[in-house]
Each structure stands twice: as structure tokens, then as C-alpha cells.
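The values are calculated or read from the model by the stated rules, or taken from the named source; none is laboratory data. These numbers were taken from a predicted model, which means no experiment stands behind them. When we count neighbours, we look across all protein chains shown, and the Cβ atoms used for this are built from the backbone with ideal geometry, even at glycine.
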Amino acid sequence: MKRWIYILLALVSALSCVGQKDDPIPEPRLTADLTALNATAGETATFTVYSGAEDVTEYATIRNLTDDTVLEGNVFAPAGEGEWTFVAEYEGLLSEELTVTAFVVAEEGKDFFRRSLVLDFTGTWCNNCPQMEAAVEEAMSARPGRIVPVSVHCFPMDPMYLPKSDGLRKQFGIGNSLPAAVVDLDPESMISTTSSELLLSHVDRLLETRGVSAGIRIESTLEGDDLSVTVEAKAVREDEYTLSIILLEDSIVAKQKTKEAEIPNYVHNNVLRQWEDGDPVTLKEEETATLSLTATVSGKYRIVAVVSRGGLVDNVVTCAAGASADYQFEEEND
């Protein structure tokens, strides 16, 4: 009798497995905290590999396709200027390719290195917003080191929404329809067309018309979750200046709607987490102003320091939380 019971149980177990398959492994995703590196300042790119929402960096292989080598660990330090393409392999599957660009600036000179700030107004609920994100990334690749992006998540249904987002959106007359982007806080630069060429036209226009820009530097310390930041700006002409400190977070995994489908484990970078403006101050040439901030942070944070003049961005610099960025200069002076 027992023998027949064992046979029956074996048959039931076998039948229950018929047609069942293991869930397919998601295609890995390769991300980096920075894709435009200042080689002069020793900036590096830290890669993260995801399988779905799971961080599998420890078990993945990251290959440098440019020189056909395997990266030791997950940090890339460029030896000089250039462009490198990377891909991640996990469980026999390959990620999409990711390009990292390194640029060089002079250690000294008359003109400070000039950058533009790009506000990307976005939302996890917005089908077309990933297209604007792609346009910003294309513009950054076309102007290595010249563009610092900030993703401004709008409306309370977005888990990364901040009240500051509403103020910025209304400041530039942006309604309920997204995406939109603004360059250097210039209302005339606001675009809703997801075109890297149009975005670059505003970047180039504003870089050209502002001429020489104020210099800006960051000093920061990170002890546990306690971040302390001080930024300093040096004027190149007498005028009224405003300093701002922006905190961004990278590698946030959250849903994102697209034209095709809703992606539950989309990786969001450059996410606005805090924005603090200092009081306007009048500076003469070579005079400096400072602004400080303390915050409790958890995650992959970066600091963006902005100096504005006449309501428009005069210059901007960024670095990882806990790191520093000194004054940087153009390779050649006009």
C-alpha cells in the first residue's frame, strides 16, 4: 500500500512541474554616477549593475569595449582625455552600452572653466520624459564637461517630488504638460521639444553671450550621513551675485512610464533633493563670497554649486558628496 502512495505522490509532483519554467533573468542595466569626467581634477566613474531592481555589481563583469579589457572592480579612472564605451555582463546577458567621456582643463589661466546648468522637468508618470532625458544626455556627450543636469520631478504623484519643484516650474511658466527643459535659469531657453540640437543651441548661446564667468569651488565632508558643504565664488567683474547649493541623488530605482510601457525598476539620476539660495551680494573683481549648508543624506548624493548674475547662471560646478572641486580654468584664453 505504501508503495502505491509513494508512486502517486511522485506522479502528482511530476505533473505539477509540467509547463513550469524559471522566471527569465532581466537584462542587466549598467549605470554610472558620472559620465563626463574632469581628468585634471581626478574625477572617476563608479559603475553599478542592476538585474531588475537588484544591485548585482559584485557578481557582474564590466568590460571596456574601447580597449577590450575587463575593469577591475567598478571604478574607472581615466588617464587623460578621451571617450570609452563600457558594457556589463551578468548571467550570460549583456547590458546596453554606456559611454564615459573625460576632458582636461588647465591648472591655471585667466578665464575660469564655464559650465551650463540644465533643469530637466520630469515625472515618473510622464510618458515622454525619458526622451528629454536622452536629449540631455546627448547634449552632455556633445559638450563634455560643459553641462550639469538637474532632474526636477514635478507634481505630488511623483515619489521624488519636492515643493521646490513647483516653484521652479511656475518660475518658467511650465504648465501641466511635460517634459520641459531650461538652460541657465533663462526663461527664453525653455523648450518642450525633445531635441538635443535645440538644447545645445541654447547652451552655446548662453556660454557665448556671458563671456568670462566667475570661478566657483566646493569643499565638503561626509561623516556617516552628515554632509557639510561650503562653496566659494570669485568674481571677474563688479556685479551682484547669488550663490546656490543643490543636492542631487543618483541611482534611485523607481517606476517610470514610457511610450511603450511602464518600467517598474527604472534608474533615475540627477534627482533634485535640496536647493538652497544665498542672499545676493555685490562683489568687485577678484572678491569672493561663500555659502554653506549642512544636511543629512542617505544614498548616492552629489553637490552642485551655482553662481548667478543678473538672474542667470554665471557658472556651475559639481562633485560627489564628501569630495571637493577646486577652481578650474579654460585650456586656452580668448
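Quick check on LEU312: is it at pLDDT 95 or above and closer than 20 Å to VAL183 by Cβ? It is true that LEU312 is at pLDDT 95 or above and closer than 20 Å to VAL183 by Cβ. Among the residues of the stretch 224-236, the one identified as closer than 10 Å to ALA321 by Cα and either in contact with a Gly (Cβ under 8 Å, 6 or more places away or on another chain) or without any contact (Cβ under 8 Å) to a residue 12 or more places away in the chain (or both) is LEU227. Residues in the stretch 195-251 that are crowded, with 19+ Cβ neighbours inside 10 Å, under 30 Å from VAL49 (Cβ atoms) and β-branched (Val, Ile, Thr): ILE218, VAL229, ILE246.
Scanning the stretch 141-153 for residues that are modelled with pLDDT of 95 or more and hydrophobic (A, V, I, L, M, F, W, C) turns up ILE147, VAL148, VAL150, VAL152.
Take the stretch 23-78 and flag every residue that is assigned to a loop (DSSP other than H, G, I, E, B) and touching a helix residue (DSSP H, G or I) at 6+ places or on another chain (Cβ under 6 Å). Answer for the stretch 23-78, where residues must be assigned to a loop (DSSP other than H, G, I, E, B) and touching a helix residue (DSSP H, G or I) at 6+ places or on another chain (Cβ under 6 Å): just ASN74.
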